[in-house]
Amino acid sequence: MAPAPLPAAAVAPSVDPALGLVTVMGMEGATETRSVDLPTETLLGMHRELLRVRVLDARMIVLQRQGRVGFYGAATGQEAVPIGCGFATRKSDWVFPALREQAIMLVRGFPLTQFIAQVFGNSGDVLKGRQMPSHMSGRSVNQVSWSSVIGPQVPQAVGAAWAAKLRHTDDVVLGFHGDGATSEPDFHAAMTFAGVYKTPSVIVCQNNHWSISVPTARQTVSATIAIKGRAYGVESVRVDGNDVLAVYDVVNKACDKARAGGGPTFVEAVTYRIGAHSTSDDPTRYRSEAEVEKWRQRDPVERFHAWMVAKGLTSDARRAELEAELDKEVIAAIKEVEPLPNPARETLFDDVYAELPWHLREQRDELMRTPPAVPHGGGHG
């Protein structure tokens, strides 16, 4: 069953932000609904990061198809949300992502090699191989791992925002989830707590129209996702999630409001998952190519590139050069990371207790006296 078409109110901004659609660029990208006052350096940075995610995802999918990594979840068609949000945050802010927001950490300075090492799960992975691929996190950029369960990171994000408020910092916490998570109890708990305690949080729903194979129209009859925030007393905004400038504008304002003590904001980013849910998914079994093609015409990468060209800030030739440069960077990072050995066996006992209990010390010592069952090496495990 195909998802219901966007409401008529979505084609232009409405007086009601929960029912309208905040946009900056026209659907074709070359035009704009309103002007943007951002430094050229920032715009070029957004352009580069959008292209980098697209290039990186393509390479990682190839690795999975070749059997060199086990799993990957690409952000194809949804790149504008993580990139726009990444540019809207400060270094001290915290991020609680879902599956398609991992690129935020790259925008915020996380090393590409460590990002890729997490997909391999080898000794270059700061998580020591303990999470499945596409569950990146890192203390260096204040990004917390998610668990693959639908929605639990949202109350965690609100809790972290409550902690920031109690500590009297001006840090903001971003919590992400998909449209399907709004039908989960964790969403209700998070929104209730955020509304009651006025936490400095920005809760972002990427409405990509599909909860894996379930279309939004079959998992909720709410007019929009954004309007759900009203029931919790949380200011809610609906934004064009394929418009990186609109995403940045909405999230930046929400962060400013939260820092000033204005409480939480709930953002519905209307977007579309052009690719498969993950490398384990076959989307042709539940949706039509015609539907996908319609959304390809709103591709956030192509749309922003067209806008940048119209502004005289880049060109098709410069884009081709940049994509080739980014591809070389990704290939070089893969070549550096893939040969790394698996995490050391003794790290199995790290990071659980501040001081290792006696019985685990005995187990660790026994493990280290036992030769590995297979040669130590590779990096594919």
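So how far apart, in nm, are the two label points at Tyr353 and Met132 if each is 7 Å from Cα heading toward Cβ?
Distance between label points: 3.0 nm.
Using Cα positions and a limit of under 24 Å, work out the lysines in reach of Lys335, with same-chain residues fewer than 8 apart set aside.
Of all the lysines, those that pass the test against Lys335 - Cα under 24 Å, at least 8 places apart if same chain - are Lys128.
What does the convex hull of the alpha-carbon atoms of the range 250-326 project to on average, in nm²?
If I average the Cα hull's projected area over directions, I get 8.6 nm².
Can you compute the modelled spin-label distance between Arg90 and Ala189, with each label point 7 Å from Cα toward Cβ, in nm?
3.0
Using only the alpha-carbon atoms, how far is helix 316-337 inclined from the longest principal axis of the chain? Give it as 0 to 90 degrees, nearest 10.
So the helix axis and the longest Cα principal axis differ by about 20 degrees.
I want to check the label-to-label distance for Glu323 and Gln363. Put each point 7 Å from Cα in the C-beta direction and report it in nm to one decimal.
Label-label distance for Glu323 and Gln363, simple model: 5.0 nm.
For the range 71-136, what ratio Rg/Rh do Cα atoms give with a Kirkwood hydrodynamic radius?
Answer for the range 71-136: 0.96.
Assign one of three labels to the range 222-261, namely rounded, prolate or oblate, based on the Cα gyration tensor with a ≥ b ≥ c the square roots of its eigenvalues; rounded applies when a/c is under 1.5, prolate when it is not and a/b is larger than b/c, and oblate otherwise.
oblate
Which shape class, rounded, prolate or oblate, goes with the range 233-381 when its Cα gyration tensor gives a ≥ b ≥ c as root eigenvalues, a/c under 1.5 marks rounded, and past that a/b bigger than b/c marks prolate?
prolate
Could you grab the relative contact order for the range 67-130? Cα pairs under 8 Å, six or more apart, rounded to a whole percent.
28
Can you work out ³J(HN,Hα) from phi for every residue in the range 101-106, in order, using Karplus 6.51 cos²θ - 1.76 cosθ + 1.60 and θ = phi - 60°, giving whole Hz and x for Gly and Pro?
Each residue of the range 101-106 in turn: 10, 4, 5, 4, 5, 5 Hz.
Among Val119, Val107, rank each residue by its count of other Cβ atoms within 10 Å, from fewest to most, as a rough exposure measure.
The order, fewest Cβ neighbours first, is Val107, Val119.
For a Förster distance of 22 Å, can you work out the FRET efficiency between the beta-carbons of Lys294 and Lys253, rounded to the nearest 0.05?
Computed FRET efficiency for Lys294 and Lys253 comes out at 0.15.
Of the listed peptides 31-42, 150-161, 256-267, what is their order by residue-averaged count of other C-beta atoms within 10 Å, with the highest listed first?
150-161, 256-267, 31-42
Of all DSSP beta bridges in the chain, what percent run antiparallel (nearest 5)?
Bridges in the chain are about 15 percent antiparallel.
Quick check of the Kirkwood formula: for the range 179-234, what is the inverse mean of 1/r over all pairs of different Cα atoms, in Å?
One over the average 1/r among Cα pairs gives 11.9 Å for the range 179-234.
With N denoting the number of residues in the range 99-199, provide Rg(C-alpha) divided by 2.2 N^0.38 Å, to two decimal places.
That ratio works out to 1.15.
When all C-alpha to C-alpha distances in the chain are sorted into bins of 10 Å, what percent of pairs does each bin hold, rounded to whole numbers?
With 10 Å bins starting at 0, P(r) equals 5, 23, 32, 25, 11, 4, 1.
Could you tell me the convex hull volume per residue, in Å³, taken over the Cα atoms of the range 202-317?
Dividing the Cα hull volume of the range 202-317 by its residue count gives 144 Å³.
Going by a ≥ b ≥ c, the root eigenvalues of the Cα gyration tensor, does the range 229-286 fall in the rounded group (a/c under 1.5), the prolate group (a/b larger than b/c) or the oblate group?
It comes out prolate by the Cα gyration axes.
On a 0 to 90° scale, report how tilted helix 358-369 is relative to the longest principal axis of the chain, with both axes built from alpha carbons and the result rounded to the nearest 10.
The two axes meet at around 70 degrees.
Each value in this text was obtained by applying a stated rule to the coordinates, not by laboratory testing. Just so it is clear, the model here is predicted, and its values are computed rather than measured. Cβ sites come from the backbone with ideal geometry, for glycine too, and all protein chains shown count toward neighbours.
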